[in-house]
Every structure is written in structure tokens, then in C-alpha cells.
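Here's the structure we're looking at; comments come further down.
The values are calculated or read from the model by the stated rules, or taken from the named source; none is laboratory data. All of these numbers come straight from a predicted model, not from anything done at the bench. Cβ: placed from backbone, ideal geometry, glycine included. Neighbour counts: every protein chain shown. Remember, those area values only see protein heavy atoms, side chains included, never the ligands or the DNA or RNA. Shrake-Rupley method; radii C 1.70, N 1.55, O 1.52, S 1.80 Å.
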Amino acid sequence: MKTIGVLALQGAFIEHVNHIEKLGHKAVEIRKKDQLEGIDGIILPGGESTAIGKLLVDFDIKQALKEKIESGFPVWGTCAGMILLAKKLIDDPIVHLGCMDITVKRNAYGSQLDSFITVDNIKALDDKPSKLVFIRAPYIEAIGNTAKALHTVDENIVAARQENMMVTSFHPELTDETLWLEYFINNLVIN
Ligand code: GLN
């Protein structure tokens, strides 16, 4: 059994907690930097990246979390979590944690297609079908040499991995599937 932290400052963190427990692992809601010590990996949830980024500073977690991720700690960012991990954002000078070699476009699907759902077979998940829920989602516009795409939708990268870091534009925790969480635990947390 692993202990997985979920950053619980804002956004869809309860859903991740429920999925972690559904798989028989222990979930911890993270609101203090000291809590980073007792966990095997962390999920940065979807929500509003500007708000979460500000709260990371206000709660004095940002620096400790950044250092931990840069020293190899397993992390999965969903949606706003992807934005927090990116080294660069399009049309936005802000960098939050700035750990992953990706350039991310926020609200990339514009106002008309703010939210949509698609079902795709995912190569990284042994070609299993997965329901991809996009909510005012970002995508990866450029990816560095050390990161690799895990999935694309209409030629846009919506899931990627770089060593101990993984990101998805969509929200698996809002479905009843745990495939992406299993991928995270089996490939990044247990290694
Ligand atoms: N649009 C949000 C942002 O820019 C992300 C949306 C989400 O996490 N579902 O932070």
C-alpha cells in the first residue's frame, strides 16, 4: 500500500482522494509543507491554477514542493496541476512550480469548446479505452527533449511524462475509471 498526497488548497481534490482509496491506497490531503515528508507521491488537482499558485505561496508550500519534485519525487498534475508544473505558459509571464519541460496553453479550447468529453484508446494504457473529460482545459503546445507525449487529441498533446512527473489536461478523477491513477502509481510511484 502506498501513501499518496493530494494538494488540497483549491479545486477537485476530494475526487482524487476517493480514487486513491478505491484502489486500496492511503490518501492524505496536503495543506502544509511538513506533510510532504510522509507521502510516496503527490497529485496536483484541477481547479484554478492562478488561485492554487497563489495559495502555494501563502501556505508556504511552493519552495519545498518544487525542490522535492526536482529531486525526483513522483507527481501527477491534472489540468490546473499541469499548468502549475509547466516551465512556460503561452501568453502568460507567470511560472508557478516550473519543473517540467513543457510549454502549456491555458484555456486552450477557447470559450465555445470550454468543456467536452471524448473516449479514446490510450497506447500508454495498453490500448484500453479511457473517457477524457476536458474542463476549460489546457494543452501542451511545445514539449522539450526530456519529456514525452503520452496522448494527443486532434494533434494536441494532452498527456505527457518526464521521469518522475506526469501531466494530463483532462480529469480522470471525474470519471469512474482509475486507469490513469494506476499508471501513475505503477510507473512513477513504484519504480
Ligand atoms: N482553466 C483552468 C486554469 O487555467 C484549469 C481548468 C481545470 O483545472 N479544470 O487554471
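The table below gives the values:
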{"item": "Residues that are part of a helix (DSSP H, G or I) and either touching a residue at least 12 places away in the same chain (Cβ under 8 Å) or closer than 10 Å to residue 7 by Cα (or both), drawn from region 23-60", "result": "33, 35, 36, 38, 49, 50, 51, 52, 53, 55, 56"}
{"item": "Pick from region 107-124, criterion within 12 Å of residue 138 (Cα to Cα) and touching a residue at least 24 places away in the same chain (Cβ under 8 Å), ranking: surrounded by the most Cβ atoms within 10 Å (Cβ to Cβ)", "result": "109"}
{"item": "Residue that is nearest to residue 140 (Cα to Cα), among those in region 48-80 that are among the aliphatic types (A, V, I, L, M), buried (at least 17 other Cβ atoms within 10 Å of the Cβ) and away from the ligand (no atom under 16 Å from the Cβ)", "result": "69"}
{"item": "Evaluation of residue 45 against (1) more than 9 Å from the ligand (Cβ to nearest atom); (2) buried (at least 20 other Cβ atoms within 10 Å of the Cβ) (one fails), failing number", "result": "(1)"}
{"item": "Members of region 84-98 found to be outside any loop (DSSP other than H, G, I, E, B), in contact with a strand residue (DSSP E or B) (Cβ under 7 Å, 6 or more places away or on another chain) and not basic (Lys, Arg), listed by number", "result": "84, 85, 86, 89"}
{"item": "Some residue of region 99-106 being among the β-branched types (Val, Ile, Thr), open to solvent by 40 Å² or more (accessible area, probe 1.4 Å) and either touching a Lys or Arg at 6+ places or on another chain (Cβ under 6 Å) or part of a loop (DSSP other than H, G, I, E, B) (or both)", "result": "no"}
{"item": "Residue match in region 163-178 (condition: open to solvent by 10 Å² or more (accessible area, probe 1.4 Å), of a type in the set (A, V, I, L, M, F, W, C) and more than 19 Å from residue 4 (Cα to Cα))", "result": "no"}
